[in-house]
Amino acid sequence: MSAFEAGTTDVAELLRSRIRDIPDYPQPGILFKDITPLLADGPAFAAVIAEMAVGYADVDKVAGIEARGFILAAPVALELTAGFVPVRKQGKLPAETYAQSYSLEYGTATLEVHKDAFEPGERVLVVDDVLATGGTAAATAELVKRAGARVAGIVVLLELGFLSGREKLPGVPVRALLAV
Ligand code: AMP
C-alpha cells in the first residue's frame, strides 16, 4: 500500500515533522502519535485540512470520530461546504442513536451516531487522525450505513500500516496522507 502520492510530498513531510511519538501512552507498549504540534502550526494545519478534502467535493456530510477526529473533520466539512456529523463515545449524544461496539489498539469501546444524522443515501466522508487496527473506522462506517447513508471514503492523517487496519474496511476507499 502506498500513501496518497500525487502532489503530497510537502504534506507528508509536514506530517512527519509535526506528529510526534509518545512512547508508552496511554499504556505500556503503545507508541502514541501526538498531532498537537501539527494543530499548533497554523499554515501546516491549513495545508493538511485542504489536502484531506481533495477528491471529495461531492460529499454531503463529513463524519468526525470523537475526539481528535472532530478537530479535523469540522474544518474539512467547511472546506467542502458539507455538513458535519459527530460520531461520539457512548452516552454523549442527546437524541436517539445507533450504537456500535468495537475493539481498538488499546481496549474496547462503543461509538454512537444520531439516528437522524443523515438523509437517506447521503454521501459521507469519514475523518479521523490515525488508522490503527481499523476497528474505530469500521464501526463508524457501519454506523453511517445503519443510519441510511453511504460511505464515500475514509481519510486519515496517518495510517499505521503494520496493523493492517484497512483490511477491516473492504470496499471502502481509505486514504492516508502518510503511512508508516
Ligand atoms: P483503531 O480502531 O485501532 O484503528 O484505532 C484508531 C483510533 O484510536 C483513532 O481514533 C486514533 O485516534 C486512536 N489511536 C489508535 N492508536 C493510536 C496511536 N498509536 N496513536 C494515536 N492515536 C491512536
- prompt: Which of the residues spanning the stretch 87-111 are away from the ligand (no atom under 16 Å from the Cβ) and part of a loop (DSSP other than H, G, I, E, B)?
  reply: GLY91, LEU93, PRO94, ALA95, GLU96
- line: Filtering the stretch 13-36 down to residues that are part of a helix (DSSP H, G or I) and touching a strand residue (DSSP E or B) at 6+ places or on another chain (Cβ under 6 Å) yields LEU15
field: Residue ID - nearest to the ligand (Cβ to nearest atom), chosen from residues in the stretch 152-161 that are in contact with a Leu (Cβ under 8 Å, 6 or more places away or on another chain) and over 19 Å from LEU80 (Cβ atoms)
entry: LEU160
query: So is ALA149 within 10 Å of the ligand (Cβ to nearest atom) and on the phi < 0 side of the Ramachandran plot or not?
result: no
- request: Show the residue pairs that are 6+ apart or on different chains and have beta-carbon atoms under 8 Å apart, the first residue being within the stretch 128-141 and within 15 Å of ALA152 (Cα to Cα), the second being among the polar types (S, T, N, Q) and within 6 Å of the ligand (Cβ to nearest atom).
  value: ASP128/THR136
task: Six or more apart or on different chains, Cβ under 6 Å: which pairs go from a residue in the stretch 18-34 that's within 17 Å of GLY107 (Cβ to Cβ) and of a type outside the set (S, T, N, Q) to one that's more than 10 Å from the ligand (Cβ to nearest atom) and part of a strand (DSSP E or B)? Could you list them?
output: LEU31/PRO23
Single residue of the stretch 73-86 satisfying the filter (small (Gly, Ala, Ser) and part of a helix (DSSP H, G or I)) that is surrounded by the most Cβ atoms within 10 Å (Cβ to Cβ): ALA73
task: For the stretch 112-134, name all the residues that are surrounded by fewer than 21 Cβ atoms within 10 Å (Cβ to Cβ) and away from the ligand (no atom under 16 Å from the Cβ).
output: HIS114, LYS115, ASP116, GLU119, PRO120, GLY121, GLU122, ARG123
message: Just to be sure I understand, how many residues within the stretch 19-72 are closer than 18 Å to LEU131 by Cβ, more than 16 Å from the ligand (Cβ to nearest atom) and crowded, with 16+ Cβ neighbours inside 10 Å?
response: 5
Residue satisfying condition, being at pLDDT below 95 and under 15 Å from THR140 (Cα atoms), within set THR97, THR108: THR108
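The values are calculated or read from the model by the stated rules, or taken from the named source; none is laboratory data. Everything quoted here is computed from the prediction, not taken from an experiment. Here the Cβ is made from the backbone with ideal geometry for all residues, glycine too, and neighbour counts use every protein chain on show.
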